[in-house]
Amino acid sequence: MADVSVARDQLRSIVERIERLEEEKKTIAEDIREVYGEAKANGYDVKTLRTVVRMRKVEAAERQEQEAMLDLYMTALGMLPDTSGDEPDTSNDPVMGDE
């Protein structure tokens, strides 16, 4: 019976700790929203700030690899100028053909 009581107390303690942490997380999330709101009020682009914050979490080498892949994909889709000299033939492209 003592084992059941100990397990129940331990479970209650774990649940209460999780609840406290969830409340702290909610408070921190509100604080973060407030800081982004201040940034927006000062003329900063919030979407760009979120990207910068996310990118700073990534190691430099991994970030460079991600940026290189992004550039490659964007170039392949015609979203960036092709610097390889292998320009795609856009003569049949109704949007790009008659420039």
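The values are calculated or read from the model by the stated rules, or taken from the named source; none is laboratory data. None of the values given here were measured: they were computed from a predicted structure. FYI the Cβ positions are ideal-geometry reconstructions off the backbone, even for glycines, and counts take in every protein chain you see.
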> Could you list, in sequence order, the residues of the stretch 53-67 that are surrounded by 10 or more Cβ atoms within 10 Å (Cβ to Cβ) and aliphatic (A, V, I, L, M)?
Replying inline: 53, 55, 58
> Residues of the stretch 65-79 being under 21 Å from the mean Cα position of the chain (by Cα) and of a type in the set (Gly, Ala, Ser), which ones?
Replying inline: 68
> How many of the residues making up the stretch 1-29 are of a type in the set (Val, Ile, Thr) and more than 35 Å from the chain's Cα centre (by Cα)?
Replying inline: 2
> surrounded by 10 or more Cβ atoms within 10 Å (Cβ to Cβ), part of a helix (DSSP H, G or I) and of a type in the set (Asp, Glu): does that describe residue 3?
Replying inline: no
> Do the conditions hold for residue 32, that is, is it in a helix (DSSP H, G or I), over 15 Å from the mean Cα position of the chain (by Cα) and β-branched (Val, Ile, Thr)?
Replying inline: no
> Just a yes or no: is a residue in the stretch 36-58 part of a loop (DSSP other than H, G, I, E, B), basic (Lys, Arg) and either touching a Gly at 6+ places or on another chain (Cβ under 8 Å) or on the phi < 0 side of the Ramachandran plot (or both)?
Replying inline: yes
> Identify, please: which residue in the stretch 68-87 is in a loop (DSSP other than H, G, I, E, B) and surrounded by 11 or more Cβ atoms within 10 Å (Cβ to Cβ) and is, among those, modelled with the highest pLDDT?
Replying inline: 78
